[in-house]
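What follows is a short report on a single structure.
The values are calculated or read from the model by the stated rules, or taken from the named source; none is laboratory data. Here the structure is a predicted model, which means the values were calculated and not measured. Note that each Cβ is placed from the backbone with ideal geometry, even for glycine, and that neighbours are counted across all protein chains shown.
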Amino acid sequence: MRCADCRFFHHDGREYGECRRMPPQGEFSANFIEDGYERRRFKVEVYRFANAVFPNLSRDMWCGEHQPKETNDDA
């Protein structure tokens, strides 16, 4: 039950590919700044990047959401 055998794994024959089980996730970063009297207040600055990406995984990885690829056996 590895990613290469999962219906959600998309690749073009390479070792790595994208897991498309969930929608693409946006990337962000956060800064926590201590502020105010005796540093009792915190200020949070969050930066969100515009691009959303699918996770990039190796074919040999696995997870608990695995679903086998569908086969079209008409026999």
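Table for the structure above
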quantity	calculated
Members of the range 16-54 found to be under 19 Å from Gln67 (Cα atoms) and either in contact (Cβ under 8 Å) with a residue 24 or more places away in the chain or among the hydroxyl-bearing types (Ser, Thr, Tyr) (or both), listed by number	Tyr16, Gly17, Glu18, Cys19, Arg20, Arg21, Pro23, Pro24, Phe54
When residues of the range 36-75 are limited to those that are at pLDDT below 80 and part of a loop (DSSP other than H, G, I, E, B), the one nearest to the chain's Cα centre (by Cα)	Thr71
Those residues of the range 1-10 which are within 12 Å of Asp60 (Cβ to Cβ) and surrounded by fewer than 15 Cβ atoms within 10 Å (Cβ to Cβ), in sequence order	Met1, Arg2, Asp5
Residue ID - modelled with the lowest pLDDT, chosen from residues in the range 16-35 that are surrounded by 10 or more Cβ atoms within 10 Å (Cβ to Cβ) and not in a strand (DSSP E or B)	Pro24
